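Contents: one structure, followed by commentary.
The values are calculated or read from the model by the stated rules, or taken from the named source; none is laboratory data. The structure displayed is predicted, hence computed values, not measured ones. Counting neighbours? That spans all protein chains shown, and the Cβs are built from the backbone with ideal geometry, glycine included.
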Amino acid sequence: MLVSMTVRNIALIERLEVQFHKGLHVLTGETGAGKSIVVDAINLMLGERADRGLIRTGCDKATVEAIFDLSDAPQVKALLQAELLEAEGNLMPVMREISLSDRNICRVCGVIVPLTLLKQISGYLVDIHGQHEHQSLLDPKNHLGFLDAFGDGEHRGFMAAAAETCRRWREASAVFSALRKENAKREERMELLSTRLKELEAARPTVGEEAELIRQRARLADAEKISGAIEAAYDALTAAEGERPSVTVLLKEAREEMTRIAEYDPRFAALSERLSSAFYEAEEMGIELRDLAEGENFDPDKNERILARLDTYRRLEKRYGMEADELADYAERLRDDMNAFASMDDRLQKAEVEFKARLAEYRTAAGELTQSRAILARRFETLMESQLSELGMGSTRFSCTFTQPAPGQKQVPSTHGDDHVEFFIAPNVGEPLKPLVKTASGGELSRIMLALKAAAADHAMIPTMIFDEIDTGISGRVAGVVAEKMDDIARFHQVICVTHLAQIAAMADVQYRVEKNVQGDRTLTTVAELSPGERVEEIARLVGVGEQHYESGVVHARNLLAAAWERKQGHRG
């Protein structure tokens, strides 16, 4: 349940601390005092849309903090454990902060969490019913949920079975549908795959081959350059080009000429010796260059083959948009796809069998759920008519009408089963049953909503229920019955109610007065828990007596409180 709430800088609230208890809580106050602001703060704390207009004028941010007792909330405990959040014993702190700079901070157990998680947690803890919630009754899509909420554990089991078999059917349906679409394009796809696979198989790409080819091509390019230089040097030393003799021939001729005149001058003899040495050195270099040329043999055919292979890789890389080393793996995937297409008929048949089996399972589960709902609907109708009778709508007939799909309309499996339920009522004797959306007035909607909550009070799992002026359009004797219904609901839930009715206020276990006062140059809204004496005065004000009848109003207020106390004692007894 909600243990406490602290509000800072929300609209007319500067700082507000409220302690909550078990049972029925009532907030009363003059129109415009700020009761709706308190509800807005609770909504904000529960994760509803952050309206920056709620931030108090002159402030940059607003916060709402609350503490929840999780003693009766096992779903929340499990969710906190799954999110690795630790409550303090059974107490869970929650905080929401909004700011003009669009900061939106949510904390649970002191840890910042996404807004979606806060809303998920609060959905297990608090159920708020206000005027806009009444409108949910006008949408037939919501009626099935109202009916199912009244179901017991066995009924919830049928609901879970229908949801699970629907999920399995959807999975089988998705597989079957994908295979049928794939099969429809099989021939075209297989032709494309075959063309690509033939090209890749002809090319026979292997991982690492391109890199090795590039290395060999670089080596061959160097070999061509080296071989050319060596051959040119060798030719210059040993081979004659046209009429020009080689270096060794010229050196030999020069040596022979100097040898003939060596005897005439020692200098001629010395030059002859030097030319002889140069000749032999050139001859030896020629032999060495010849040996080098043979070792650095450039293979132009091999070079052409490497270039052609590299060109193949470049072309395939560009065509398929991938690196050379990926081509071999891609070819393998193409083979797998081709094999998969070859086994398509078998897979398609198996998928169809699975699809039909899951559909049959769903239809069985949905049929059992329909039967359970039909039984539940009859009991629900009886209980609703009884509740409405107590709320001053004694002649009302209430019906859960199961609508059938239009002829020819395909009934697609749903996690909620195959049923479409709409509430019909006949508020007056002699009138036929008509859809609720076309029949109920505002006051009747309030009473129907209250009847729904009262009927399901001992079934609902949410520990705290908030009613924001659900008594709209209600007065007189019916107001007392509404108060009793609130008290009945409060036996199973913590109930917080905003009301203008004295009968409901008197039935409260705890009452708060919401007031608006001017302090200095600012208007402030305050909330105060009332003492027994203050409750008498506040309820007398709600009765609406003037000053001259004040005493009689006080007596009436005390009588209302005494009657409420006696009723509560009767329940406890």
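Quick rundown of the values:
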{"item": "Residues being in a loop (DSSP other than H, G, I, E, B), modelled with pLDDT of 85 or more and more than 19 Å from ALA211 (Cα to Cα) - total across region 307-351", "result": "0"}
{"item": "Verdict on GLU381 being more than 29 Å from ALA174 (Cβ to Cβ), modelled with pLDDT of 90 or more and either buried (at least 17 other Cβ atoms within 10 Å of the Cβ) or within 38 Å of the chain's Cα centre (by Cα) (or both)", "result": "yes"}
{"item": "Which listed residue is assigned to a helix (DSSP H, G or I) and at pLDDT 85 or above, from LEU292, LEU275", "result": "LEU275"}
{"item": "Test: residue in region 457-467 that is farther than 23 Å from LEU12 by Cβ, at pLDDT below 85, touching a helix residue (DSSP H, G or I) at 6+ places or on another chain (Cβ under 6 Å) and surrounded by fewer than 20 Cβ atoms within 10 Å (Cβ to Cβ)", "result": "yes"}
{"item": "Among the residues listed as GLU256, GLU283, the single one being surrounded by fewer than 14 Cβ atoms within 10 Å (Cβ to Cβ), over 60 Å from the mean Cα position of the chain (by Cα) and either in a loop (DSSP other than H, G, I, E, B) or of a type in the set (D, E, K, R) (or both)", "result": "GLU256"}
{"item": "Residue, nearest to PHE398 (Cα to Cα), within region 415-431, restricted to residues that are assigned to a loop (DSSP other than H, G, I, E, B) and modelled with pLDDT of 90 or more", "result": "HIS420"}
{"item": "Meets criteria (acidic (Asp, Glu), under 26 Å from ASP72 (Cα atoms) and under 47 Å from the mean Cα position of the chain (by Cα)) for GLU515", "result": "no"}
{"item": "Single condition ASN517 does not satisfy, out of (1) out of contact with any Lys or Arg (no Cβ under 9 Å at 6 or more places or on another chain); (2) part of a strand (DSSP E or B); (3) in contact (Cβ under 8 Å) with a residue 24 or more places away in the chain; (4) surrounded by fewer than 24 Cβ atoms within 10 Å (Cβ to Cβ)", "result": "(3)"}
{"item": "Count - residues of region 28-74 that are free of Cβ contacts under 8 Å to residues at least 24 places away in the same chain and among the basic types (Lys, Arg)", "result": "1"}
{"item": "Matching residues, region 433-456, being part of a loop (DSSP other than H, G, I, E, B), modelled with pLDDT under 75 and farther than 25 Å from VAL76 by Cα", "result": "ALA440, SER441"}
